[in-house]
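These notes are about the structure you will find just below.
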Amino acid sequence: MAYQEATNKRPPVYAPYQSTLDDDDLKVAKRELHETDDTREPSIAQIREFIAKHPQIVRCRTDPVYLLRFLRYKKFNVTEACAMLDSTLVFFMRMRALYGEEIDSFHPNVQGMVDLGVMVPLGYDRNKRMVILNRVGAYPKTTSALMQMRLGALVISTCLEYEQTQVYGSVWIMDFSGMTMSHVAMWGLTELKMLADSVNDIVTLMVKEIHMVLVPKMTWMLIDMVLPLLSPKIRNRFKFHRTLGDLCSAVDPSILPSEYGGERPLEKANDDFRAMFDEQRKWFMLEEHFFMDLTIPAPGSSGTATARRNDFRDEESMVGSFRKLTVD
């Protein structure tokens with residue numbers, strides 16, 4: 001299918017919704033997300049109408065699974081879901097304008113980060129939540145904070161193509177073992193603010209728990225800076241563990257890699273993630289063709305607001321170091 005057809009904001013026929021959820025999943029979606037057969041189709045129709053009438057949106061996905069990630073995250077508040085979709089597309093255009101093809105999902109630097117196995121979805125725990133391991137201290141010292149965020153976006157987007165993840169959310173394990181001052185120095189105030197803004201306003205993956213393991217003293221400065229920038233709901237999800245044993249007592253141990261006392265080697269988990277990404281490859285290829293014309297005034301905005309919306313100066317200071325990045 002040509003990308004022009006697949007990203008048509010007003011396709012002649014919209015793709016129908018075909019659920020991959022079982023009866024228990026649908027009950028959870030109804031109870032926690034306000035999703036029913038009566039709310040789903042009208043809500044999808046409204047967000048499609050928003051896309052079709054939005055003067056700045058030129059190309060965008062309109063398939064149900066993509067739109068449902070916003071609706072489910074906002075518990076079927078259509079107005080808030082549309083606003084988050086708009087913010088996501090604007091952010092995407094800002095990053096593309098600043099960094100070009102170097103942030104594309106298929107760029108060698110991005111794919112090289114996947115091969116390192118530093119951020120890996122481990123699978124679903126007993127509560128059907130996607131567990132994601134981020135080995136903060138295992139990143140090469142040549143890595144930038146932006147590349148870490150780009151890898152995170154790739155992992156999150158891959159997981160969100162599966163409806164179970166949209167409904168049940170995620171559990172994050174942040175392993176700080178091996179972290180050095182070189183890792184800490186990657187993160188400045190600008191990068192931390194971008195991370196917090198993305199988590200608060202862009203990321204549509206529900207975060208149920210964040211387990212911080214073996215946090216060294218040098219890292220507390222970063223944590224103390226980023227926590228106030230996060231929403232209260234996200235801040236309340238943090239749990240701290242002094243040892244891997246404490247972690248195993250707090251999460252489903254069967255989902256952990258064998259290196260952490262679980263059953264499956266980390267390398268196998270990363271191979272499975274690679275297979276997940278390859279299965280969803282077509283969607284990532286389409287998203288490279290998303291486009292918003294930000295020279296057109298946003299709906300209901302003044303000329304000043306539109307200029308501010310298109311102002312990239314806050315991020316420009318990071319471009320130079322990002323463009324020099326290579327993955328060893």
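For the range 264-281, indicate whether the set of residues that are within 20 Å of the chain's Cα centre (by Cα) and within 20 Å of residue 51 (Cα to Cα) is non-empty. Scanning the range 264-281 turns up no residue that is within 20 Å of the chain's Cα centre (by Cα) and within 20 Å of residue 51 (Cα to Cα). Annotation: of all residues in the range 227-246 being out of contact with any helix residue (DSSP H, G or I) (no Cβ under 7 Å at 6 or more places or on another chain) and over 23 Å from residue 203 (Cβ atoms), the one that is surrounded by the most Cβ atoms within 10 Å (Cβ to Cβ) is 246. Whether any residue in the range 144-156 is more than 24 Å from residue 37 (Cβ to Cβ), open to solvent by 10 Å² or more (accessible area, probe 1.4 Å), touching a Leu at 6+ places or on another chain (Cβ under 7 Å) and in a loop (DSSP other than H, G, I, E, B) is what I want to check. Scanning the range 144-156, I find at least one residue that is more than 24 Å from residue 37 (Cβ to Cβ), open to solvent by 10 Å² or more (accessible area, probe 1.4 Å), touching a Leu at 6+ places or on another chain (Cβ under 7 Å) and in a loop (DSSP other than H, G, I, E, B), so the answer is yes. Within the range 9-26, restricting attention to residues that are within 19 Å of residue 70 (Cα to Cα) and not in a loop (DSSP other than H, G, I, E, B), the residue that is least open to solvent (accessible area, probe 1.4 Å) is 25. The single condition from (1) modelled with pLDDT of 90 or more; (2) farther than 24 Å from residue 148 by Cβ; (3) under 20 Å from the mean Cα position of the chain (by Cα) that residue 286 fails is (1).
For the range 187-224, which residues satisfy the criterion of being open to solvent by less than 30 Å² (accessible area, probe 1.4 Å), in contact (Cβ under 8 Å) with a residue 24 or more places away in the chain and part of a helix (DSSP H, G or I)? Within the range 187-224, 192, 194, 196, 198, 219, 222 meet the criteria.
The values are calculated or read from the model by the stated rules, or taken from the named source; none is laboratory data. Just so it is clear, the structure is predicted and the values come from calculations on it, not from any experiment. A quick note on method: Cβ atoms are made from the backbone with ideal geometry, for glycine too, and the neighbour counts reach across all protein chains shown. Please note that ligands, DNA and RNA were not included when accessible areas were found on the heavy atoms of the full protein model with its side chains. Shrake-Rupley method; radii C 1.70, N 1.55, O 1.52, S 1.80 Å.
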